[in-house]
Amino acid sequence: MVQRRPAQPRNFSSDPDRPSFLEELYRGRFRWDLVHPFAEQDPADREAGDRAVADLAAFLRDHVDPAAVEASGRLPESLYPLLRSRGYLSLQLDPSLGGLGLSHFNVFRVVQAAASHCFPVALVMGIENSVGTPAFWPVVPDGPLKDLLQRHQKLGGLSGTADTEPEGAANQHRATTAVPVDGGNAYVLDGHKVFVGHAPLGTLFSVTATVRENGITTNQVFFVEADSPGFSRGQWHEFSGIRGFPNGWITLDKVRVPASHQLLEEGNGQARLTPAVSRLVTRGRLHMIVAPSLAVAKLCCRWSREFINRRVVDGRPLGEYEEIRRRLADSLAETFAVESVARAALLNEDQDLGRNTAFEQNLAKNIASVLAGRVADRTLSLTAAEGYETAASKKRRGAPALPVEQAVRDVRNMRISGGVDFMIDYWLAGRNILSYYYPEPEDPEAPGAPDASLLDADLTDRNRAHLAAVVEETHRFGLTCRELAGRHPDRSELAARQRVLVLLSQISGELFTMAVVLARASGMNRAAAPAAEDGQHLADLYCEAARHRLAGHLRELRDADGDDRADYAGQSTGWLSAAGPHPLSEDLV
């Protein structure tokens, strides 16, 4: 079947010259050739990553006591310069610039290793390597801004991004303003930012601000030095998890910033991120969010195994009970899925296979954080009171001091960081999926589904059946989107049905993850990998559960377009008021 692509990109993530499996899925097209054969890490690159991971593990064992960090709520102050001096805050920069020169996937592996030892350390490394000075410096064009970034890179301070405000992060424009002065040679920034990574310690921040010029209002990014007059920082934020991670608020009171420190597209003069910078931010979520999520999921699988191997109920080992085995199997399968998604999103880019992975990297954040959260919650239930008990309390009574409840608190942040999960689903559907059906579908007729029996795949019979289901449901997904667009010719009308868009994103996420898991299992089988049989079993387990979730999403989608739940929720409900005032607030509802 001939695959037609538009001459011009339909959205900011699209690249007409580089196909994407997920982009094709959004159109209702199943492109097995874009995920199979499944990309594998180059042996030499894998060895480089192995060395970096081993070196970091030894370093963290010597310099970071994770229990002490959890108890004190602070990382050792001596740690930050040590991380910088060893290149852990510049993982991809060339060694001549103080970095380690690692590939995208090896950066992911190193941050994952850090999270396995101490979650806050991984967040520090993730931010600095994803949206900090070392990440921006190579992709910013030569000029005053690059000189600024280079100077701060040499000084070795922490950096970060200041975007979220007390009013929230979902507003179209920021309350923080940047007013041009001196004929546009500088800007004066005023505003308040919260939940800023590295705010208590950082020396340079990229700040999002609203600019109104020539009757046009835009959001623009400025790099602001922390020692600028009018720049101040407040107390550390305290969260239920990620204790020790330096996060806080900053205030800008008439902070003057040279216009040359504004992040602009080269040669354009407009407030747009360059493609390279946009890719950096998109990819950064894998290092900041997906890598720590995978670390927690793998730890929880290990802790679950340890727990069921040492516990006995009524004379039977806990692991002999059917429900226990099912729960561990589900956790193993979901962890396999997170790792498969990360590999697909990063290895294709590392190996420059001519594929656009922006769509996959955008969606990976939600897939990983939600699945890892399920694994952690399942582990807490499995370990019961012992899991809910803090590691410090268990240590005092001589029990294995596994920080299960801490892992639940830490990984829960991943569904919030970088955008709340359901809002990410809504944005991805509105900005990406709908773009292929408005102002009209790309093709006069919907493409047919390929014959799954003809696809090249080394899979068990059960997994071949899963593959056939993914092919069919991908085709049905495109038809459903067409039908929705036909029923709502005004795009804004459908966009207002937020639950519909969230479901569309979740359906596409399930289909994408199933395809990637099956492609990886097929690749393992074809390569006769030692764990090939495990790959087939894990793919089967994941797809079986995913198809049940998918069926539920599809049932809900059929009803969601006419659902009046939102209208009901906005009405005054008598049973709430009849219960009497809340003891802490009379204005709770």
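The values are calculated or read from the model by the stated rules, or taken from the named source; none is laboratory data. Remember, it's a predicted structure, so these values are computed and weren't measured experimentally. Every residue, glycine among them, receives a Cβ derived from its backbone with ideal geometry; neighbour counts consider all protein chains shown. The area values use the complete protein model at the heavy-atom level, side chains included, leaving out ligands, DNA and RNA. Shrake-Rupley method; radii C 1.70, N 1.55, O 1.52, S 1.80 Å.
Taking segment 80-114 as the range and being part of a loop (DSSP other than H, G, I, E, B) and of a type outside the set (Gly, Ala, Ser) as the test, the residues that pass are ARG86, TYR88, LEU89, LEU91, GLN92, LEU93, ASP94, LEU100, LEU102.
The residue that is farthest from VAL121 (Cα to Cα), among those in segment 394-414 that are open to solvent by less than 30 Å² (accessible area, probe 1.4 Å) and more than 27 Å from the chain's Cα centre (by Cα), is ALA399.
Tell me whether segment 562-577 contains one or more residues that are open to solvent by less than 80 Å² (accessible area, probe 1.4 Å) and at pLDDT 65 or above. Yes; the residues of segment 562-577 include at least one that is open to solvent by less than 80 Å² (accessible area, probe 1.4 Å) and at pLDDT 65 or above.
From ALA384, ALA342, ALA372, grab the single residue that is part of a helix (DSSP H, G or I), in contact with a Ser or Thr (Cβ under 6 Å, 6 or more places away or on another chain) and either more than 20 Å from ASP425 (Cα to Cα) or at pLDDT 95 or above (or both).
Values: ALA384 fails: in contact with a Ser or Thr (Cβ under 6 Å, 6 or more places away or on another chain); ALA342 fails: in contact with a Ser or Thr (Cβ under 6 Å, 6 or more places away or on another chain).
Of ALA384, ALA342, ALA372, the one residue that is part of a helix (DSSP H, G or I), in contact with a Ser or Thr (Cβ under 6 Å, 6 or more places away or on another chain) and either more than 20 Å from ASP425 (Cα to Cα) or at pLDDT 95 or above (or both) is ALA372.
One residue stands out among those in segment 32-62 that are more than 28 Å from VAL277 (Cα to Cα) and assigned to a loop (DSSP other than H, G, I, E, B): the one that is most open to solvent (accessible area, probe 1.4 Å), which is PRO37.
Each row is one residue, and each column tells you yes or no for (1) of a type in the set (Lys, Arg); (2) over 22 Å from the mean Cα position of the chain (by Cα); (3) more than 30 Å from TYR426 (Cβ to Cβ).
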{"site": "LEU145", "(1), (2), (3)": "no, yes, yes"}
{"site": "LEU148", "(1), (2), (3)": "no, yes, yes"}
{"site": "HIS152", "(1), (2), (3)": "no, yes, yes"}
{"site": "GLU167", "(1), (2), (3)": "no, yes, no"}
{"site": "ARG174", "(1), (2), (3)": "yes, yes, no"}
{"site": "GLY183", "(1), (2), (3)": "no, yes, yes"}
{"site": "GLY191", "(1), (2), (3)": "no, yes, no"}
{"site": "ALA199", "(1), (2), (3)": "no, no, no"}
{"site": "ASN214", "(1), (2), (3)": "no, yes, yes"}
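Filter segment 350-404 down to the residues that are basic (Lys, Arg) and in contact with a helix residue (DSSP H, G or I) (Cβ under 9 Å, 6 or more places away or on another chain) and list them by number. Residues satisfying the conditions are ARG355, LYS365, ARG374, ARG378, LYS394, LYS395. Inside segment 223-253, residues that are over 26 Å from MET414 (Cα atoms) and either without any contact (Cβ under 8 Å) to a residue 12 or more places away in the chain or of a type outside the set (Val, Ile, Thr) (or both) make up a count of 10.
For (1) surrounded by fewer than 19 Cβ atoms within 10 Å (Cβ to Cβ); (2) within 21 Å of the chain's Cα centre (by Cα), each residue gets a yes or a no:
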{"site": "LEU353", "(1), (2)": "yes, no"}
{"site": "ASN362", "(1), (2)": "no, yes"}
{"site": "GLY373", "(1), (2)": "no, yes"}
{"site": "THR383", "(1), (2)": "no, no"}
{"site": "ILE416", "(1), (2)": "yes, yes"}
{"site": "ARG431", "(1), (2)": "yes, yes"}
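Taking the conditions (1) in contact with a Ser or Thr (Cβ under 8 Å, 6 or more places away or on another chain); (2) buried (at least 24 other Cβ atoms within 10 Å of the Cβ); (3) under 24 Å from VAL408 (Cα atoms) in turn, THR357 satisfies each one other than (3). Screening GLU442 against (1) outside any loop (DSSP other than H, G, I, E, B); (2) open to solvent by 20 Å² or more (accessible area, probe 1.4 Å) leaves a single unmet condition, (1). Output the residues belonging to segment 44-84 that are free of Cβ contacts under 8 Å to residues at least 40 places away in the same chain and closer than 23 Å to GLY157 by Cβ. Result: PHE59, HIS63, PRO76, GLU77, SER78, LEU82.
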